[in-house]
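Novice: Got a structure for you, written out below as structure tokens; questions coming shortly.
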Amino acid sequence: MKIVTYNVNGLRPRITQFGSLAKLLDSFDADIICIQETKLRRQELRADLVIADGYETFVSCTRTSEKGRTGYSGVATFCRVKSAFSSNEVALPVRAEEGFTGLLESSQDGKRTMAAVAEGLEEFSKEELLKLDSEGRCIVTDHGHFVLFNIYGPRADSDDSDRVLFKLNFYNVLQKRWEHLLHMGKRVFVVGDLNIAPTSMDRCDAGPDFENNEFRRWLRSLMVACGGRFIDIFRAKHPDRRDAYTCWPQSTGAEVFNYGTRIDHILCAGPCLHHDNNLPGHNIVACHVMECDILSQYKRWKDGNSYRWKEERTVKLEGSDHAPVCASLLEIPDTPQHSTPSLSARYNPKIHGLQQTLVSMLLKRQAAEDSAPCKKSNSSSLGNLGNCSQGFNGSFDNGDQSGDLPSESCSLTNLETEDSLLETGECSGGSYAKEAACKTLTTHEPLHAKALPENPTRKRVRRCSQMSLKAFFQKNSVVSNDADSSNADSSISKGDTSESNSIEIPRSNTQISDSGRQLEAYQGQSQINATPEKEKSGVAMLEWRRIQQVMQNSIPLCKGHKETCVARVVKKQGPNNGRRFYVCARAEGPASNPEANCGYFKWAASKSRHK
């Protein structure tokens, strides 16, 4: 069987990159795929994001409301199986658990189990444990022959004492859990982005004190070479390989020169599956691991890509800033028949299918009806509108311009007629009756819909793409007052402009010709008004170009290559937050490479403005 771990740096963009979740998973051709940093909140889980045919899915999302942590992490384990019920497949877990403390959801063989502190963690308080499990960083699946921990380890800068303490507690509790399982005779696999590079060989720019970091010392203490029980499978298979990295800074283009770090791991501990597992040289890696490697084909930058600094700085590389790691196992026997645990996404009603709210349902109905062809005749629409006209709150005769919605006396037949009238998205013929319906009727609203506030200045949403004569006269009131009097002018009085109920369609040639003159006058006035607007726009464009030129001239050149620098802004909290600076535009790489970033740095004159 094959196990893959991959920090996707957002599951949605990876699904978009591959076309679908199934295509993403199938590209690995693996039995168990552990994903980290899904960046999905619980309310954002949808079937197309976490459910794929042929896979059982187990997800964990962040539960904290702490600023900057919602929708940030998240892990998911996908198990490729032929059958989710009465199966002997090792990839199908017999038990699954969200988190690693035992206080979140867990299930075994299709049944949920009571939440309780996991064995071996009794010395910690529930508050401490719940805090560690609140960021959606772990999924535990028991596959019979081994227990698999899918982990997204916390990141902590050395000057952030709160996150350093959180990371210490996180791994301390995890270690307690692993030790208890190993004491019970279980085999343990730990996979994922641990955010720890164990040795200087696993970091491109490791300094002399690199390995003295407390987290690196802790990780090395778990290894067999330092008296622990775990084996770093990749390093066991490739003990001397250098420049083997799994993560590269995404903002500096470090993939170009492979200037990265190895923080994605597959660790394992426990005896082999042979009956004589106590024999010298027998362990799970020596007996059951065929290969472990980094899938470099998933890197964002590949040979043949254009360099970022050659007039292509805006080109964004597609993919995660991590590369997957895979391990191939041998001689893993089948398990007793079992069914998928109830923690699987297939049993979660909030995930299965596309969960609809009333709002989303109405929006979909509206979109469908807007795009459908008109199925009812104009005559029937006008007839039914006549029956509905008396149901308006505040008649047109009273000169009310509030545009109130129809009252509850409007029958279902009338509402259906309104829908049919508005399905085409335009008012053919420009008739007053249809224009009034399009301007006042609101589609897809319940019969008890509230009237809009009576605000005469409030704009009503137009459902018509064609301007009517009435709307023309309302917008061009200044021009119509100066024009010659005509039958059309006299027929539209002050009360009519406030949407009179007794609207008649003008039919005489005189009315039509006068309306044409009004339109010509309106167009002429628009052209006159447009001239100063164009002048203002031209002046603004010239000024903006001048500002851009000044900004371009103020950008310094890096000293190493004499090339234009790129501007960046400090986003980290602190005294320099929001301050702009300039750096060399080339990709980050080793100092010995003259083609790499020269390390130039310069503060800008002033801080950037916050929005």
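Novice: Heavy atoms only, probe 1.4 angstrom, no DNA, RNA or ligands counted: give me Ile231, Ile139 ranked by accessible area, highest first.
Specialist: Ranked list, largest accessible area first: Ile231, Ile139.
Novice: Further question: How many nm separate the modelled label positions at Lys186 and Asn169, each set 7 Å beyond the Cα in the direction of the Cβ?
Specialist: Placing both labels 7 Å along Cα→Cβ, they lie 2.3 nm apart.
Novice: Can you give the net charge of the other residues whose Cβ lies under 12 Å from the Cβ of His143, counting K and R as +1 and D and E as -1?
Specialist: Overall, the nearby charge balance is -2.
Novice: Note down the net charge around Cys79, summing +1 for each Lys or Arg and -1 for each Asp or Glu among other residues with Cβ under 9 Å from its Cβ.
Specialist: -2
Novice: Also: Glu211 accessible area, nearest 10 Å², 1.4 Å probe?
Specialist: For Glu211, solvent-accessible area is about 60 Å².
Novice: DSSP loop (so not H, G, I, E, B), at most 13 other Cβ within 10 Å: list which chymotrypsin sites (Phe, Trp or Tyr not before Pro) in segment 72-168 pass both filters.
Specialist: Phe85
Novice: How large is the accessible surface of Met184 in square angstrom, using a 1.4 angstrom probe and rounding to the nearest 10?
Specialist: Accessible area of Met184: about 100 Å².
Novice: Oh, and also: Note down the accessible area of Thr77, probe 1.4 Å, to the nearest 10 Å².
Specialist: Accessible surface of Thr77 is approximately 0 Å².
Novice: Determine the order of Trp178, Trp544 by accessible area, beginning with the largest, at a probe radius of 1.4 Å.
Specialist: In descending accessible area the options line up as Trp544, Trp178.
Novice: If DNA, RNA and ligands are ignored and the probe is 1.4 Å, what is the ranking of Arg63, Arg187 by accessible area, most exposed first?
Specialist: Largest to smallest exposure gives the sequence Arg63, Arg187.
Novice: Only Cα pairs under 8 Å and at least 6 apart count here; give the relative contact order of segment 567-607 as a rounded whole percent.
Specialist: In percent, rounded to a whole number, it is 36.
Novice: I would also like to ask the following. Summing +1 for each Lys or Arg and -1 for each Asp or Glu, what net charge is found among the other residues whose Cβ lies under 9 Å from the Cβ of Arg163?
Specialist: Neighbour charge sum, excluding Arg163 itself: -1.
Novice: In terms of modelled amide H atoms, which long-range or inter-chain residues lie less than 5 Å from the amide H of Glu105?
Specialist: For Glu105, the qualifying residues are Glu98.
Novice: Another question, then. Would you work out the relative contact order for segment 110-220, in percent, from Cα pairs under 8 angstrom that are 6 or more residues apart?
Specialist: 24 percent
The values are calculated or read from the model by the stated rules, or taken from the named source; none is laboratory data. Bear in mind the structure is a predicted one, so any value in this text is a computation, not a measurement. Neighbour counts are summed over all protein chains in view; Cβ atoms, including those assigned to glycine, are modelled from backbone coordinates with ideal geometry. The area values use the complete protein model at the heavy-atom level, side chains included, leaving out ligands, DNA and RNA. Shrake-Rupley method; radii C 1.70, N 1.55, O 1.52, S 1.80 Å.
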